[in-house]
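Enquirer: Once you've had a glance at the structure underneath, I'll fire off some questions.
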Amino acid sequence: MFDLEYFIAECRAALAVDPSQKLVREVIARAVSEPAAVLKGLGEPKRAEVQKLYHASDLTILNVIWAPMMTITPHNHQMWAVIGIYSGREDNIFWRRLPDGSGRVEAAGARALSVGDVETLGHNIIHSVTNPIPRLTGAIHVYGGDFFATERSEWDSETLMEGRYDAERAMRRFDEANAIQCGP
Ligand SMILES: [Fe+2]
């Protein structure tokens, strides 16, 4: 069974032993190895949203529900992150800055995540995420810092140029995605 309070305590304990993502990753891998239990504990995904499960200056835990076929623009976090999938799929594209100092990025790699998969992102990683399936995807995203207060960047989907990350705008994308699914 998946108990949210216990999961949070496990993440906190892992972080206390090792401030890197190494032990937290093990906690998340254990959780998503039993996806049915996570679904029961967090509830079946019903709409695209970001649920804040835990939020502190050194640790943020989110339940991210991606809308069908939803894509978010490349962004960084400026802290490590661990993603664990408990329902659906998440395709990650990894990006790197062009060496010309333009602020533009180019694609550098990709990883397709399925149920039970865990991906670790280093402090400076830039990624974009797509849910490539026609139903909701559920993922636990854990960050080694304050996800909402940290200054960071996003890259325009069309020009791939760097801009300031706007957390509120990012959250609005989930509402917009829900509106698209429901139609006009
Ligand atoms: Fe991200």
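The values are calculated or read from the model by the stated rules, or taken from the named source; none is laboratory data. This structure is a prediction, so every number in the text was calculated from the model and none was measured. With ideal geometry, Cβ positions are generated from the backbone for all residues, glycine too; neighbour counts draw on all protein chains shown. When the accessible area is computed, the model is the full protein with side chains, heavy atoms only, and any ligands, DNA or RNA have been set aside. Shrake-Rupley method; radii C 1.70, N 1.55, O 1.52, S 1.80 Å.
Enquirer: At q = 0.14, 0.17, 0.26 Å⁻¹, what is the log10 ratio I(q)/I(0) for segment 1-64, with the Debye formula run over Cα points and no solvent?
Expert: Treating every Cα as an identical point scatterer, log10 I(q)/I(0) equals -0.41, -0.60, -1.25.
Enquirer: Carbon and sulfur: what percent of the chain's accessible surface (1.4 Å probe)?
Expert: On the chain, the fraction of accessible area on carbon and sulfur atoms equals 53 percent.
Enquirer: Further, regarding this structure: Which residue, chosen from 148, 92, 19, occupies the Cα position most advanced towards the positive end of the dipole of the chain, where the dipole is computed from +1 (Lys, Arg) and -1 (Asp, Glu) charges on Cβ about the Cα centre?
Expert: Value: 92.
Enquirer: Taking just the alpha-carbon atoms of the chain, what radius of gyration and Dmax come out, in angstrom?
Expert: Both quantities, over Cα of the chain: 15.9, 50 Å.
Enquirer: Under 14 Å Cα to Cα from residue 22, which aspartates and glutamates show up? Leave out anything in the same chain fewer than 8 places away.
Expert: Reachable aspartates and glutamates: 10, 119.
Enquirer: Here is a further query. Which residue, 141, 75, 55, has the most motion in a Gaussian network model of the chain that connects Cα atoms within less than 10 Å?
Expert: 55
Enquirer: Further, regarding this structure: Nearest 500 deg cm²/dmol is fine: what mean residue ellipticity at 222 nm does the chain get from its DSSP H runs of n ≥ 4 alone, each adding -39,500 (n - 2.57), divided by its residue count?
Expert: Computed mean residue ellipticity for the chain: -8500 deg cm²/dmol.
Enquirer: Still on this structure: Under 17 Å Cα to Cα from residue 40, which aspartates and glutamates show up? Leave out anything in the same chain fewer than 8 places away.
Expert: In chain and number order, the partners are 3, 5.
Enquirer: Skip the ligands, DNA and RNA, and give the accessible area per residue of the chain with a 1.4 Å probe, whole Å².
Expert: 49
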